[in-house]
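A short worksheet on the structure shown next.
All of the numbers you see were taken from the coordinates with simple rules; none came from a lab. These figures come from a predicted structure and were not determined experimentally. Please note: Cβ atoms are built from the backbone with ideal geometry, for glycine as well, and neighbour counts cover all protein chains shown.
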Amino acid sequence: MARIEIKGLTKRYTDGFEALHHTDLSIEQGEFIVIVGPSGCGKSTLLRLIAGLEEPSAGTIAINGRDITHLPPAERGVAMVFQSYALYPHLTVAENIAFPLKVARRPKAEIAERVAKVAASLELEELLDRRPRALSGGQRQRVSIGRAIVRQPDVLLLDEPLSNLDSELRVRMRHEFARLHQQLGRTMVYVTHDQLEAMTLANRIVVMANGRVEQVGAPLDLYAHPASLAVAAAIGSPAMNLIPATIWGTGDDGVMVRLADGSVVTVAAQPGGGHVGEMVTLGVRPEHLLPDPGGAFQGPVELFERLGPLSFAHLGGPGHAQPIVAQLPGDRHVSLGERLRVGVAPGNARLFDATGKAWPM
Ligand code: ATP
């Protein structure tokens, strides 16, 4: 049972920079947790603390109720897969995979058996005698995963394991990770910048910003109900449109906000303590902006991206600090410069207060 319990975890690097502030996080046995967030927000730091590659400044980490905060990496029951693979160039694939078992002085017969098993599950059997330089990027990554799982760790930590691969291979390896997780049933903690990896692999996503956990939840919950602007910006590609607005009043359908160009949008949010004139941010997903002659958003199409089944139109205009991105059906043709008007249903819009916190719905 690999349950990870993190309490008050803090990391101050030697230069005094605090990369992780007093973080609490519970990870269940067998969960696939994906950590996302902007560059420098502390994702790798958190992973390295769990792995034992960094010493925390405060707080504790327990796995299965055992305090591992100050144990050396090899005694934690965790293994880590790195973006750079970190294979030994002079060792064969079989020797690379066997390496952790050799260090642990396991008997030869056991090593041979476990390497064979891992090689079979990762489809590396044909490559066991090769050296890393004679492997493709995807094969190297599979070897580094093999080396990580050969000791049967309770917890597998993965730091952007696919970011060095081309897009086709990334898709294949993404499927591979989903399969591996099902097959091994291990607790996995996975750091990525890739939206598709986060949305498709995670049981729960942890969104981090500025050294803090902003929100933890099932991918679709975070997508539909981001608790803060940081989460809204981190989940979804293209990103949620985040548009400056002010509170205008309350109506039957919710709160009305006014945009810079004077148009008014109704959001199905609770009025709460908001007062007229208060600065807020209106959040709308591109797929929720639908062509509507009475819609609040309009502007010339500055950029039109065709993806096949759907397209994205970027609307410029004096009222928008940034273009507003609307998703259109793939068969809808739009010309550059054409004026498009789109609107959003009250239930599909979100509001964030001046501190970035989501308004209650
Ligand atoms: P990325 O997505 O770019 O990999 P990240 O979210 O993984 O970023 P971390 O690598 O955890 O971020 O770094 C968090 C912060 O801590 C960054 O501002 C980084 O510059 C800083 N940092 C990391 N390692 C050290 C170190 N050894 N000494 C001082 N500061 C560090």
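Per the Debye formula with a single identical scatterer at each Cα and no solvent contribution, what log10 I(q)/I(0) holds for region 1-116 at q = 0.19, 0.21 Å⁻¹?
-1.10, -1.21
Could you tell me the calculated FRET efficiency between Leu310 and Lys108, based on Cβ-Cβ distance and R0 = 41 angstrom, to the nearest 0.05?
Efficiency, rounded to the nearest 0.05: 0.15.
What residues from region 84-128 fall in the zone where the backbone N is under 12 Å from a label point 7 Å along the Cα-to-C-beta line of Leu53?
Answer for region 84-128: 84-87.
Can you give me the angle between helix 93-103 and the longest principal axis of the chain, using Cα atoms only, in degrees from 0 to 90, rounded to the nearest 10?
70
Kindly count the pairs of lysines across the chain whose alpha carbons are less than 19 Å apart, treating pairs on different chains or eight or more residues apart as eligible.
On the way: Lys7/Lys43; Lys11/Lys43; Lys102/Lys117; Lys108/Lys117.
Counting lysine pairs in the chain gives 4.
For region 4-234, give me the percentage of DSSP beta bridges that are antiparallel, rounded to the nearest 5 percent.
The antiparallel proportion sits near 50 percent.
Going by how many other Cβ atoms sit within 10 Å of their own, how do Leu242, Leu307, Leu162 line up, fewest first?
Leu307, Leu242, Leu162
If I model the chain as equal point scatterers sitting on the Cα atoms and use the Debye formula, what is log10 I(q)/I(0) at q = 0.08, 0.13 Å⁻¹?
For the requested q values the scattering log ratios are -0.51, -1.03.
What is the ratio of the Cα radius of gyration of region 141-234 to 2.2 N^0.38 Å, with N the residue count, to two decimals?
Normalised by 2.2 N^0.38 Å, the Cα Rg of region 141-234 equals 1.14.
Using a Förster distance of 41 Å, how high is the FRET efficiency between Asn164 and Thr355, based on the Cβ-Cβ distance and rounded to 0.05?
E between Asn164 and Thr355, to the nearest 0.05, is 0.60.
In whole Å, how far is the Cα centre of region 263-310 from that of region 73-98?
48
Measure nothing fancy, just the Cα-based angle from helix 167-184's long axis to the longest principal axis of the chain, in degrees from 0 to 90, nearest 10.
60
What is the extension gain from Gln29 to Gln152, computed as 0.36 nm multiplied by their sequence separation minus the C-alpha to C-alpha distance, in nm to one decimal?
42.8 nm
According to the square roots a ≥ b ≥ c of the eigenvalues of the Cα gyration tensor, what is the shape class of region 241-352, taking rounded for a/c under 1.5, prolate for a/b larger than b/c otherwise, and oblate for the remainder?
prolate
For region 86-137, just say rounded, prolate or oblate: build the C-alpha gyration tensor, square-root its eigenvalues into a ≥ b ≥ c, call rounded for a/c under 1.5, and beyond that prolate if a/b exceeds b/c, oblate if not.
Because a/c hits 1.5 or more and a/b fails to exceed b/c, region 86-137 counts as oblate.
Mind checking the full-extension length gain between Asp252 and Leu336? Use 0.36 nm per residue of separation minus the Cα-Cα distance, one decimal, nm. Don't jump to the answer; show the numbers that get you there.
Values: separation 84, 0.36 × 84 = 30.24 nm, distance 3.73 nm.
Taking 0.36 nm per residue and subtracting the Cα distance, the gain is 26.5 nm.
In a Debye calculation with equal point scatterers on the alpha-carbon sites of region 91-182 and no solvent, what is log10 I(q)/I(0) at q = 0.19, 0.23 Å⁻¹?
-0.89, -1.25
Applying 1/(1 + (r/R0)^6) with R0 = 30 Å to the Cβ-Cβ distance of Ser84 and Glu302, what FRET efficiency is obtained, to the nearest 0.05?
Result of the calculation: an efficiency of 0.20.
Under a plain spin-label model, where a point goes 7 Å from the Cα along Cα-to-Cβ, how far apart in nm are Gln322 and Glu125?
Calculated label separation equals 5.0 nm.
Take the chain, connect every pair of alpha-carbon atoms lying under 10 Å apart with a spring to form a Gaussian network, then pick out the residue of Asp67, Asp252, Asp15 with the largest mean-square fluctuation.
Result for the chain, Cα springs under 10 Å: Asp15 fluctuates most.
Please build a GNM for the chain, connecting alpha carbons under 10 Å apart, and tell me which residue among Ala230, Ala120, Ala268 fluctuates the most.
Ala120
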